[in-house]
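No value in this document is a laboratory result; all are computed from the given coordinates. No experiment lies behind these values; they were computed from the predicted model shown. When we count neighbours, we look across all protein chains shown, and the Cβ atoms used for this are built from the backbone with ideal geometry, even at glycine.
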Amino acid sequence: MKENSNNTNKRKVILFPGTVDRLFNEAKHLAETFHYKEANELFEQALLLGEGDELSLSVFAYSLYEVKNFERAKQICEELLAIGPSMYFEVMELYLTICMQLRQFKQVEKIIESLFDEELIPEHEVEKFERLKNLNAHIAENQESQLQSPPLVDIEENFDIIASEFLKLSVQEQLMLINELPEMNIRPYITEIKAVIESENVHPFIQSLLLILLVEQEVNLDLNIAKFNMIREINPAELPLPTKMPQYEEIAAIITETLLQEPSTLEFVQQLMSKHAIVLYPFEWTIFRSEDVALSYIEFVKSMFGETMEINGEIVEFLQNIEKISDLQE
């Protein structure tokens with residue numbers, strides 16, 4: 001009986017004219033003055049009494065994002081996108097950012113692909129969204145690879161070929177063969193692997209992956225590595241792995257300390273940096289200061305999230321070049 005009484009009372013509530021508008025206006029003012037928690041409470045009250053307009057819902061979504069209530073912020077963005085807001089692209093950018101915070105990387109990749117298919121991305125944003133799509137695809141692929149084993153290949157039969165034949169394969173075919181090498185003793189193929197690594201025609205990523213295999217199996221061998229206009233003579237048995245290299249550890253420590261309160265951004269930066277470390281290996285970012293590289297990675301990723309950042313053009317251009325190479329696109 002008590003529950004029925006409450007329902008009856010709710011049905012008898014009479015709103016004074018302008019009550020809902022007043023609540024939305026007060027909520028927007030609170031959000032604009034950075035009182036996000038109070039704003040969100042008022043927005044919720046207002047939505048119980050009436051429908052929000054495009055501006056109110058947009059401010060509400062941003063306010064929810066600021067307090068890291070990503071699930072609710074995503075719901076509000078979906079309501080906005082369903083009504084086709086005038087600032088569609090801005091709302092979509094926020095929506096994608098929220099999905100990334102929720103670690104829904106595959107969904108982000110698919111949405112961006114749809115935006116490209118429908119030609120909804122402004123020309124000046126194309127490059128940024130290409131990078132964003134590729135980064136989400138990379139992280140999503142890593143997530144999937146942790147849940148399933150890679151397909152088996154008869155590596156003994158397929159890799160027992162001379163280096164020149166290996167280099168005629170597509171990069172993806174080369175990668176498929178390399179993915180199986182950690183499961184076997186690679187010493188019978190040292191001559192072929194050395195020839196591939198030292199070839200002028202090898203893809204930098206493939207070159208690095210083969211070098212990492214030699215390092216992991218502590219192969220004692222002299223190699224001459226040339227990439228990115230740098231040359232170095234190394235011995236895999238004496239070389240640390242990419243994430244144990246001196247400058248990598250310096251940069252990673254700075255990034256971790258800086259992004260301690262932003263775990264999602266930290267994960268993106270770490271993924272990007274570790275991928276680039278492989279492409280550069282056995283070289284690093286030595287032409288730049290570690291502090292500058294760390295800051296540039298953070299700014300680079302945040303700019304992909306839609307934030308306006310002052311970016312070091314020279315370093316970011318270098319990172320963009322490494323990113324393109326790391327995609328293994330032919």
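Results, tabulated for the structure shown:
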read-out	value
Anchor residue 28: lysines whose Cα lies under 19 Å away (excluding residues fewer than 8 positions away in-chain)	37, 68, 74
Equivalent-ellipsoid semi-axes of the range 169-244, from the Cα gyration tensor, Å, largest first	17, 16, 12
Calculated diffusion of the range 213-258, Stokes-Einstein form, Kirkwood radius summed over Cα pairs, 25 °C and 0.890 mPa s, µm²/s	202 µm²/s
Highest to lowest packing among 44-51, 107-114, scored as the average C-beta count within 10 Å	107-114, 44-51
Radius ratio Rg over Rh of the range 174-330, counting only Cα atoms, Kirkwood formula for Rh	0.99
Compactness index (Cα Rg / 2.2 N^0.38 Å), the range 251-309	1.08
Debye equation applied to the C-alpha atoms of the range 20-95, log10 I(q)/I(0) at 0.11, 0.12, 0.15, 0.21 Å⁻¹	-0.22, -0.27, -0.42, -0.84
Under 11 Å, Cβ to Cβ, from residue 259 - net charge with Lys/Arg +1 and Asp/Glu -1	-2
Whichever lysines have a C-alpha closer than 28 Å to that of residue 324, once near sequence neighbours (fewer than 8 apart) are set aside	106, 110, 128, 133, 168, 194, 227, 244, 275, 302
